[in-house]
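The values are calculated or read from the model by the stated rules, or taken from the named source; none is laboratory data. Note that the structure is a prediction, hence the values are computed from the model and not measured. Note that each Cβ is placed from the backbone with ideal geometry, even for glycine, and that neighbours are counted across all protein chains shown.
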Amino acid sequence: MAALQIVNYPHPALRWKSKPIKSISPELRDIVRTMFELMYEARGIGLAANQVALPYRLFVINLTSDPGEKEEEFVFINPEITKRKGTAEGEEGCLSLPQLYGDVKRSEEITVEAYDLDGQLFEITLDDLAARAVQHEYDHLEGVLFPDRMVETKKQELEAQIADFESQFRHQQQRGEFPSNEEIRKQLAQLELELG
């Protein structure tokens, strides 16, 4: 597998609906470790697998963004949000849309079920930043990005920045840094098949 890197919008992996993970392998553990490293490098608090161009239902979170705070590291494999309560609006950013920020309405409190790296099912109820971070990463697994959730007028204010991401990505493809969108989609489909 090629070295993992955080991909920017509009990389096709970011619109890919992720596939459930069937088993926890040493390779998956390596992927999780690398995802945490990339997240800390980028000073993020959460990272979903499709942000590193992997079509897997998995994300990692550490709200402190501090690699020293290992006990704050959480891995969510095949997560499901089972309950939602209330509404809260707050500013969000995204490692795949660097320097882009906007207000997004989310559920104030959520209950999530997921598997950890030991294959144990856990359930956790979250609010505030934790709830927002989990909903943001969960959206990634569905191929949804935070600007999709913004009010139309606010979204329009970001149009120029979003267009800039699109043209940067096209230039990277022209320079051969990334394959064509069609080729990337083939790779994602292949990775899904390998997942079983």
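What the table below lists for this structure:
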read-out: Qualifying strands (runs of 3 or more DSSP E) (wholly inside the range 61-168; at least 3 residues being closer than 22 Å to I6 by Cα and within 18 Å of the chain's Cα centre (by Cα)); value: 74-94, 97-115
read-out: Residues of the range 22-57 satisfying the condition of being in a helix (DSSP H, G or I) and among the hydrophobic types (A, V, I, L, M, F, W, C); value: L28, I31, V32, M35, F36, L38, M39, A49, V52
read-out: Any hit, the range 14-21, residues being out of contact with any Cys (no Cβ under 8 Å at 6 or more places or on another chain), surrounded by fewer than 18 Cβ atoms within 10 Å (Cβ to Cβ) and in a strand (DSSP E or B); value: no
read-out: Pick from the range 151-173, criterion acidic (D, E) and closer than 24 Å to A88 by Cβ, ranking: surrounded by the fewest Cβ atoms within 10 Å (Cβ to Cβ); value: E152
read-out: Residue count for the range 99-131, restricted to those that are buried (at least 16 other Cβ atoms within 10 Å of the Cβ), touching a Phe, Trp or Tyr at 6+ places or on another chain (Cβ under 8 Å) and free of Cβ contacts under 8 Å to residues at least 24 places away in the same chain; value: 0
read-out: Single residue of L97, L63 found to be modelled with pLDDT of 95 or more, touching a helix residue (DSSP H, G or I) at 6+ places or on another chain (Cβ under 9 Å) and farther than 18 Å from L141 by Cβ; value: L63
read-out: Count of the range 132-148 residues which are surrounded by 19 or more Cβ atoms within 10 Å (Cβ to Cβ) and either in contact (Cβ under 8 Å) with a residue 60 or more places away in the chain or touching a Cys at 6+ places or on another chain (Cβ under 9 Å) (or both); value: 10
read-out: R33 being under 14 Å from the mean Cα position of the chain (by Cα) and among the charged types (D, E, K, R); value: no
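Matching residues to (1) modelled with pLDDT under 95; (2) surrounded by 17 or more Cβ atoms within 10 Å (Cβ to Cβ); (3) out of contact with any Ser or Thr (no Cβ under 9 Å at 6 or more places or on another chain):
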site: A2; (1), (2), (3): yes, no, yes
site: I6; (1), (2), (3): no, yes, no
site: Y9; (1), (2), (3): no, yes, no
site: S25; (1), (2), (3): yes, no, yes
site: M35; (1), (2), (3): no, yes, yes
site: M39; (1), (2), (3): no, yes, no
site: G44; (1), (2), (3): no, yes, no
site: A48; (1), (2), (3): no, yes, no
